[in-house]
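J.: Here it is: the structure, laid out below.
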Amino acid sequence: MSEIIIADEIDRLRVVYEEIEALIAADASFLQATVPAVSDWSPAQHLYHILGSTAMMMKAATLLAKGAVKGDEPRLTKAGRTVLTTEIIPRGIAQAPDNTRPPEDLSEQTLQESFARSAGKMNTAIHAAKDGAPDDTGLEHPMWGVLTVPEWFRAANVHCRHHLDIIGDIQSKHAA
């Protein structure tokens with residue numbers, strides 16, 4: 001796997017959050033639409049999942065960057081190496097952990113509150129990582145192994161893009 005440039009990952013994540021913010025401001029009927037041929041979740045549910053998952057990833061990155069935890073020796077699983085290298089998560093294989101699963105109905109307010117919390121975690125992680133991010137210690141991701149700070153940022157980007165692509169497919173089918 002090639003070196004992960006944290007500044008590039010930070011820039012990418014900022015763009016992702018701009019996209020998410022624009023989607024949250026989109027037509028409410030689209031956000032609540034489901035297209036079972038694409039996904040059982042609505043765009044709002046995908047966004048809620050992205051925001052919750054990314055907040056947890058950014059918390060891990062922050063703890064590592066600040067030296068607030070004694071991490072483990074970094075090691076990627078085969079799946080982790082594949083995802084972080086190809087930047088592709090295969091669709092329909094993994095299930096979201098219970099603590100990141102969205103509720104059936106999501107209000108615009110709930111989505112906006114989730115965005116604000118997650119964006120705050122992202123900004124905290126960015127500031128911590130800019131002060132110096134060790135790459136010799138990591139924290140466990142449930143599927144991808146023990147990730148370093150740069151790997152947590154890459155993982156967040158790949159995961160967000162995976163769900164944003166699904167939302168794009170829902171949007172295409174919904175508009176048709």
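The values are calculated or read from the model by the stated rules, or taken from the named source; none is laboratory data. Every value quoted in this text rests on a predicted model; they were computed, and no experiment measured them. Don't worry about glycine lacking a Cβ; one is built from the backbone with ideal geometry, like all the others, and counts go over all protein chains shown. Note: accessible area is taken over every heavy atom of the protein model, side chains too, but ligands, DNA and RNA are not part of it. Shrake-Rupley method; radii C 1.70, N 1.55, O 1.52, S 1.80 Å.
J.: Give the accessible area for V15 in Å² (nearest 10); use a 1.4 Å probe, count only protein heavy atoms, and leave out ligands, DNA and RNA.
T.: That residue has around 70 Å² of solvent-accessible surface.
J.: Another one. Please list, in chain and number order, the residues 5+ apart from H141 or on another chain whose amide H is under 5 Å from its amide H, with Hs placed from the backbone.
T.: Sorted by chain and number, the residues that satisfy this are V146, L147.
J.: Next question, about the same structure. Mind running the shape call on the range 61-157? Use the C-alpha gyration tensor, a ≥ b ≥ c as the square roots of the eigenvalues: rounded below 1.5 for a/c, prolate if a/b tops b/c, oblate otherwise.
T.: The shape class here is oblate.
J.: Additional query: Taking the simple approach of a point 7 Å from Cα along Cα-to-Cβ for both M143 and R117, what is their distance in nm?
T.: 2.2 nm
J.: Then there is this: 7 Å from Cα along Cα→Cβ at both A28 and D136: what's the point-to-point distance in nm?
T.: 5.4 nm
J.: Charges only on Cβ, +1 for Lys and Arg, -1 for Asp and Glu: so what's the dipole of the range 44-176 about the Cα centre, in debye to the nearest 20?
T.: For the range 44-176, the charge dipole is close to 180 debye.
J.: Residue by residue through the range 48-62, which ³J(HN,Hα) values in whole Hz follow from phi under the Karplus form 6.51 cos²θ - 1.76 cosθ + 1.60 (θ = phi - 60°), with glycine and proline marked x?
T.: These are the phi-based 3J(HN,Hα) values: 4, 5, 4, 5, x, 5, 5, 4, 5, 5, 5, 5, 4, 4, 5 Hz.
J.: If you don't mind, there's one more thing I want to ask. Please return the longest range in the chain lying between exposed loop sites, taking GluC sites (Glu not before Pro), DSSP loop only, at most 15 other beta-carbon atoms within 10 Å, and leaving the sites out.
T.: The longest uninterrupted stretch comes out as 4-86.
J.: Here is a further query. Determine, at each q value in 0.09, 0.11, 0.16, 0.20 (inverse angstroms), the log₁₀ of I(q)/I(0) that the Debye formula gives when each Cα of the chain is one equal point scatterer.
T.: Log-scaled intensity ratios, in q order: -0.30, -0.45, -0.93, -1.36.
J.: How much length, in nm to one decimal, is gained on full extension between V69 and Q95, taken as 0.36 nm per residue of separation minus their Cα-Cα distance?
T.: Stretched fully, the V69-Q95 segment lengthens by 6.6 nm.
J.: Kindly report the accessible area of the range 84-145 per residue (heavy atoms of protein chains, probe 1.4 Å, no ligands, DNA or RNA), in Å².
T.: I get 63 Å² per residue for this part.
J.: Calculate what fraction, in whole %, of the accessible area of the chain sits on carbon and sulfur atoms when a 1.4 Å probe is rolled over the protein chains.
T.: The nonpolar share, carbon plus sulfur, comes to 51 percent.
J.: Can you pull the accessible area of K121 for me, 1.4 Å probe, Å² to the nearest 10?
T.: Solvent-accessible area, nearest 10 Å²: 90 Å².
J.: When the chain is fully extended, how far beyond the present Cα-Cα distance does D11 get from H127, taking 0.36 nm per residue of separation?
T.: Gain on extension, D11 to H127, equals 40.5 nm.
J.: Over the C-alpha atoms of the range 30-81, what are the Rg and the largest Cα-to-Cα span, Dmax, in Å?
T.: Rg, Dmax (Cα atoms, Å): 16.3, 45.
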